[in-house]
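Peer 1: Have a look at the structure that comes next, please.
Here, each number is a calculation from the coordinates, and none is a lab measurement. This one's a predicted model, so the numbers in the text were calculated from it and none came from an experiment. Here the Cβ is made from the backbone with ideal geometry for all residues, glycine too, and neighbour counts use every protein chain on show.
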């Protein structure tokens, strides 16, 4: 998916297909800048295999629910990654490795995870907390509607829209914090980068669920202050 000098590869953070697509594009197209759906703390965690322990300072910054959600997300990605034989964030690590090899600068475009999780802790409702508990521990026994997903591949656009619609419906405040607000931050950072470096090809690597809305925000950037 393209916008001006920006090319976006929508990935799944545990799919081998994403790793191969990222590697192929970088080696064949030779982008001049690589932008990642990461912030500094998440990049450090990725490079250091999430070895940093959670401190009281982290708890104060991100809130109890933010910490819990972060732990659940990391656990789920790790478990799913084992099923397909990949490390969560493997496509990001591939991009970082190749950026050093090809001498391509890396730019981090995502909102600081501590801000995101702090906002999540403040905005999540009790209704959503109960739903989250139910879906995590009881949902698989009570939900007759099952969607088959090939974990080795990136879900297609139709499936992404279905999953996004369901997530937005069941968790409106989480959707606002984890998707809408972060999309606005990433689109703003990409718009600034594209404007600053109009003659350079920019490759963006981000989760497939963000891609379409980011492009829409970039297209409307001149009409609206993003």
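Peer 1: For 165, 103, what's the fewest-to-most ordering of other Cβ within 10 Å of each Cβ?
Peer 2: So the ranking, lowest neighbour count to highest, is 103, 165.
Peer 1: To one decimal place, what Kirkwood hydrodynamic radius in Å is obtained for the stretch 175-226 from all pairs of distinct Cα atoms?
Peer 2: Values: mean 1/r = 0.0873 Å⁻¹.
After inverting the mean inverse Cα-Cα distance, the result is 11.5 Å.
Peer 1: Cut-off is 10 Å between beta-carbons; in what order do 178, 27, 38 appear when sorted fewest neighbours first?
Peer 2: Ranking 178, 27, 38 by Cβ neighbours within 10 Å, fewest first, gives 27, 178, 38.
Peer 1: Within a 10 angstrom radius of the beta carbon, how do 181, 166 rank from fewest other beta carbons to most?
Peer 2: Values: 181 17, 166 12.
If I rank by nearby Cβ atoms, fewest first, I get 166, 181.
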